[in-house]
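Engineer: Provided herewith is a single structure, encoded as structure tokens, for subsequent inquiry.
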């Protein structure tokens, strides 16, 4: 009997939160019982209107605002739009044009909703102000001196209370002093999305003009938020129509969402046991920090705890990519994110980059965030789940890496080969992966390490220095310009590297082979003086047959005689389809996730596929597939259903297996996570 898959431990509260019971109950009651339209004159409408206005007053209490306006919106993004349009429109219509070049200031670490909105409306409304980014220091704090020097010509300044990636708290009262000293009348917007429920907010004691908030970041439903507007500040309706919200925002109000805010505000205003104290939240942070440090030997936390909300941890692991950490945690049932969930798809964190952190930290940062309502029991459970990852890491590090390993980082590719004579060959070493490669080689008794840099770029000298710093001065580092004449050859019993020059164009061929299985793989790379390179991987079933294309990322201008397979594979998107396919073809299940992921979720595959798979599941990470083929661990006569977390790696693996000559392959297209 397989154990159950791990339960979900959600640690991405800065992205969104579940709707907790007291809020959910109020929302459901409003949808089913008190569902009237607040604009209706009958009793149902009057009751709905009473709920709306009562929520507004509770909201003001929650943010410490006796005066001003509290406007219900669809979320923080709408609030930001409304504030920016109001300020620009007012300036264009009423302000004296005494500024030669008006500017808008915004923090370098603002959520992208702020600068992108400024750029959009600045252009669309024809304001054409100069947009100036305020730098931050290594702690993520805004440069007050920079603001003082540049604010006199500014029409608006946009900052944030708490950063969504790092949890850094800005010194709002210090900012107020420098802002009002040098430009008393400037419009000041403060993004308060991540502050609500995590720090004290008192709008009556500070001259913030516009403050957008979002409900779903603190247990209310998605699609509801609110905007605070300081008394007497310009306002232009962003949504026109039927005149709801006293003409400030048209459209029938989202009463269920507002009801959710009603419960949230009540919890914030009244003494309750739902939200933990700052002291308790700091205890929870300490527990999680200890668990991370015990699990990962080289973890770096970005930012200073003393000026951050305790609910956000931003960190990187020195020899694990961010994707590896996320995949490991996901396999253990832990949900974390890489940077901001709202900026998904970006390789680097612009927030950490603005703080001056290293490229490794910026590209591999993990954000772990918990909610102020999470109990100590939940945090203990999360810590135990994090610590449970360590045995898988140790097991993965002790696994045999002899042979060929294909490594990818963003859009770059690298190959590591450990020969039977204990030689390590690294082809196209990637700077960001050097710590990972060192970790992989730590348990190997190597006689020699050779790195082949196949592109000579402006960064080559720095790369060479870093290679020697990490692996020692005895490592051999070879670059194209140092390889001598045409036909330059390097090799061992089971590998070879050859460089050629034809018509001033250089090419490299890297081959690995296995005499027992009579199989061979060849990596070719063509590169020229323009530093534009292309590479392709080929294989041969024996030492004499011509190559078949494998994992080609571009044309090699017919440099090698190759045949490209046109065989297709089956795409399976449901448990039933996968189960039927397995039974019909008597197939093996090939898990191409990393070994640590596989070990952390051993029960997941039979559970997701809904069948007994005893002795039918094998784990070969995608980076070791070609090596498994060379060594004879994968057979072209066997049938494989390929699985991974989301379907991306399994799809790439299906292409590889077909290119290797495997005749029957299927891909679990939705991945295990979405099945």
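The values are calculated or read from the model by the stated rules, or taken from the named source; none is laboratory data. It should be emphasised that the depicted structure is a prediction, and the values quoted were computed from it without experimental measurement. Here the Cβ positions follow ideal geometry from the backbone for every residue, glycine too, while neighbour counts run over all protein chains shown.
Engineer: What about residue 100, is it more than 36 Å from the chain's Cα centre (by Cα) and touching a residue at least 40 places away in the same chain (Cβ under 8 Å)?
Structural biologist: Yes.
Rundown of residues vs (1) modelled with pLDDT under 85; (2) assigned to a strand (DSSP E or B), yes/no style:
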{"position": "386", "(1), (2)": "no, no"}
{"position": "450", "(1), (2)": "no, yes"}
{"position": "469", "(1), (2)": "no, no"}
{"position": "486", "(1), (2)": "yes, no"}
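Engineer: Can I ask one more? Checking residue 417 against (1) modelled with pLDDT of 90 or more; (2) in the same structural domain as residue 511 (by TED's automatic domain parsing); (3) surrounded by fewer than 20 Cβ atoms within 10 Å (Cβ to Cβ), which single condition isn't satisfied?
Structural biologist: Here residue 417 meets the rest and fails (3).
Engineer: Please go through segment 618-641 and pick out each residue that is under 30 Å from the mean Cα position of the chain (by Cα) and not in a helix (DSSP H, G or I).
Structural biologist: Of everything in segment 618-641, those that are under 30 Å from the mean Cα position of the chain (by Cα) and not in a helix (DSSP H, G or I) turn out to be 618, 619, 620, 621, 641.
Engineer: Identify all residues within segment 551-575 that are surrounded by 11 or more Cβ atoms within 10 Å (Cβ to Cβ) and either out of contact with any strand residue (DSSP E or B) (no Cβ under 8 Å at 6 or more places or on another chain) or at pLDDT 50 or above (or both); write none if there are none.
Structural biologist: Hits for segment 551-575 are 567, 569, 570, 571, 572, 573, 574, 575.
Engineer: Quick one: residue 128 ticks every box in (1) part of a loop (DSSP other than H, G, I, E, B); (2) touching a strand residue (DSSP E or B) at 6+ places or on another chain (Cβ under 6 Å) bar one, so which box is it?
Structural biologist: Here residue 128 meets the rest and fails (2).
Engineer: Among (1) under 34 Å from the mean Cα position of the chain (by Cα); (2) touching a residue at least 40 places away in the same chain (Cβ under 8 Å), there is one condition residue 21 misses while meeting the rest; what is its number?
Structural biologist: Result: residue 21 fails condition (2) only.
Engineer: Has segment 155-162 got at least one residue that is buried (at least 17 other Cβ atoms within 10 Å of the Cβ), touching a residue at least 24 places away in the same chain (Cβ under 8 Å), in a loop (DSSP other than H, G, I, E, B) and in contact with a strand residue (DSSP E or B) (Cβ under 9 Å, 6 or more places away or on another chain)?
Structural biologist: The answer is yes, given that some residue of segment 155-162 is buried (at least 17 other Cβ atoms within 10 Å of the Cβ), touching a residue at least 24 places away in the same chain (Cβ under 8 Å), in a loop (DSSP other than H, G, I, E, B) and in contact with a strand residue (DSSP E or B) (Cβ under 9 Å, 6 or more places away or on another chain).
Engineer: Would you check which residues across segment 581-598 are surrounded by fewer than 21 Cβ atoms within 10 Å (Cβ to Cβ) and assigned to a loop (DSSP other than H, G, I, E, B) and list them?
Structural biologist: Across segment 581-598, the qualifying residues are 586, 587.
Engineer: Also: In contact with a strand residue (DSSP E or B) (Cβ under 7 Å, 6 or more places away or on another chain) and either surrounded by fewer than 17 Cβ atoms within 10 Å (Cβ to Cβ) or in contact (Cβ under 8 Å) with a residue 24 or more places away in the chain (or both): is that true of residue 601 in this structure?
Structural biologist: Answer is no for this residue.
Engineer: Evaluate segment 393-406: report whether one residue or more is out of contact with any helix residue (DSSP H, G or I) (no Cβ under 7 Å at 6 or more places or on another chain), assigned to a helix (DSSP H, G or I) and exposed (fewer than 13 other Cβ atoms within 10 Å of the Cβ).
Structural biologist: Among the residues of segment 393-406, at least one is out of contact with any helix residue (DSSP H, G or I) (no Cβ under 7 Å at 6 or more places or on another chain), assigned to a helix (DSSP H, G or I) and exposed (fewer than 13 other Cβ atoms within 10 Å of the Cβ), which makes the answer yes.
Engineer: Same structure again: Yes or no: residue 77 buried (at least 17 other Cβ atoms within 10 Å of the Cβ), in contact with a strand residue (DSSP E or B) (Cβ under 9 Å, 6 or more places away or on another chain) and either in a loop (DSSP other than H, G, I, E, B) or at pLDDT below 95 (or both)?
Structural biologist: Here the answer is no, as residue 77 does not meet what is asked.
Engineer: Still on this structure, please answer the following. Checking the conditions here, which among 664, 651 is closer than 23 Å to residue 323 by Cα and either surrounded by 19 or more Cβ atoms within 10 Å (Cβ to Cβ) or in contact with a strand residue (DSSP E or B) (Cβ under 7 Å, 6 or more places away or on another chain) (or both)?
Structural biologist: That would be 651, the only listed residue that is closer than 23 Å to residue 323 by Cα and either surrounded by 19 or more Cβ atoms within 10 Å (Cβ to Cβ) or in contact with a strand residue (DSSP E or B) (Cβ under 7 Å, 6 or more places away or on another chain) (or both).
Engineer: So, one more: Of the residues that make up segment 3-22, is at least one surrounded by fewer than 20 Cβ atoms within 10 Å (Cβ to Cβ) and assigned to a helix (DSSP H, G or I)?
Structural biologist: yes
Engineer: Are there any pairs with C-beta distances below 7 angstrom linking a residue in segment 432-454 that is within 16 Å of residue 478 (Cβ to Cβ) to a residue that is in a loop (DSSP other than H, G, I, E, B) and modelled with pLDDT of 90 or more, with the two at least 6 apart or on different chains, and if so which?
Structural biologist: 449/475; 451/429; 451/475; 453/429
Engineer: Let me confirm something: among 209, 204, 191, which residue is more than 30 Å from the chain's Cα centre (by Cα), touching a residue at least 24 places away in the same chain (Cβ under 8 Å), surrounded by 21 or more Cβ atoms within 10 Å (Cβ to Cβ) and closer than 30 Å to residue 267 by Cα?
Structural biologist: Testing whether each residue is more than 30 Å from the chain's Cα centre (by Cα), touching a residue at least 24 places away in the same chain (Cβ under 8 Å), surrounded by 21 or more Cβ atoms within 10 Å (Cβ to Cβ) and closer than 30 Å to residue 267 by Cα leaves just 209.
Engineer: Moving on to the next point. Is there a residue in segment 41-48 that is surrounded by 14 or more Cβ atoms within 10 Å (Cβ to Cβ), farther than 21 Å from residue 249 by Cα and without any contact (Cβ under 8 Å) to a residue 24 or more places away in the chain?
Structural biologist: Yes, segment 41-48 has at least one match.
Engineer: Being within 38 Å of the chain's Cα centre (by Cα) and modelled with pLDDT of 90 or more narrows it down to one of 432, 424, so name that one.
Structural biologist: That would be 424, the only listed residue that is within 38 Å of the chain's Cα centre (by Cα) and modelled with pLDDT of 90 or more.
Engineer: Continuing with the same structure: Is it the case that residue 338 is in contact with a strand residue (DSSP E or B) (Cβ under 9 Å, 6 or more places away or on another chain), closer than 26 Å to residue 602 by Cα and surrounded by fewer than 20 Cβ atoms within 10 Å (Cβ to Cβ)?
Structural biologist: no
Engineer: Here's another thing I want to ask about it. Does any residue of segment 101-116 turn out to be under 23 Å from residue 146 (Cα atoms), at pLDDT below 95 and in the same structural domain as residue 224 (by TED's automatic domain parsing)?
Structural biologist: For segment 101-116, residues under 23 Å from residue 146 (Cα atoms), at pLDDT below 95 and in the same structural domain as residue 224 (by TED's automatic domain parsing): present.
Engineer: Does segment 172-188 contain at least one residue that is within 23 Å of residue 72 (Cβ to Cβ) and not in a strand (DSSP E or B)?
Structural biologist: Among the residues of segment 172-188, not one is within 23 Å of residue 72 (Cβ to Cβ) and not in a strand (DSSP E or B), which makes the answer no.
Engineer: Please verify whether segment 308-318 includes one or more residues that are in contact with a helix residue (DSSP H, G or I) (Cβ under 7 Å, 6 or more places away or on another chain), surrounded by fewer than 20 Cβ atoms within 10 Å (Cβ to Cβ) and either at pLDDT below 95 or not assigned by TED's automatic domain parsing to the domain that holds residue 596 (or both).
Structural biologist: Within segment 308-318 (the criterion being in contact with a helix residue (DSSP H, G or I) (Cβ under 7 Å, 6 or more places away or on another chain), surrounded by fewer than 20 Cβ atoms within 10 Å (Cβ to Cβ) and either at pLDDT below 95 or not assigned by TED's automatic domain parsing to the domain that holds residue 596 (or both)), the answer is yes, since at least one residue qualifies.
Engineer: Which of the following residues is over 20 Å from residue 301 (Cα atoms), outside any helix (DSSP H, G or I), out of contact with any strand residue (DSSP E or B) (no Cβ under 8 Å at 6 or more places or on another chain) and not assigned by TED's automatic domain parsing to the domain that holds residue 515: 377, 373?
Structural biologist: None of the others qualify; the one that does is 373.
Here is a yes/no grid of residues against (1) touching a helix residue (DSSP H, G or I) at 6+ places or on another chain (Cβ under 9 Å); (2) buried (at least 20 other Cβ atoms within 10 Å of the Cβ):
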{"position": "61", "(1), (2)": "yes, no"}
{"position": "94", "(1), (2)": "no, no"}
{"position": "104", "(1), (2)": "yes, yes"}
{"position": "107", "(1), (2)": "yes, yes"}
{"position": "111", "(1), (2)": "yes, yes"}
{"position": "114", "(1), (2)": "yes, yes"}
{"position": "119", "(1), (2)": "no, no"}
{"position": "137", "(1), (2)": "no, no"}
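Engineer: Let me ask something else about it. Looking at residue 279, is it within 30 Å of residue 326 (Cα to Cα), more than 28 Å from the chain's Cα centre (by Cα) and either outside the structural domain of residue 320 (by TED's automatic domain parsing) or in a helix (DSSP H, G or I) (or both)?
Structural biologist: Yes; evaluated as a whole, the condition is true for this residue.
Engineer: Still on this structure, I have one more. Identify, by number, the condition in (1) surrounded by fewer than 20 Cβ atoms within 10 Å (Cβ to Cβ); (2) under 30 Å from residue 521 (Cβ atoms) that residue 375 doesn't meet.
Structural biologist: That leaves (2) as the condition not met.
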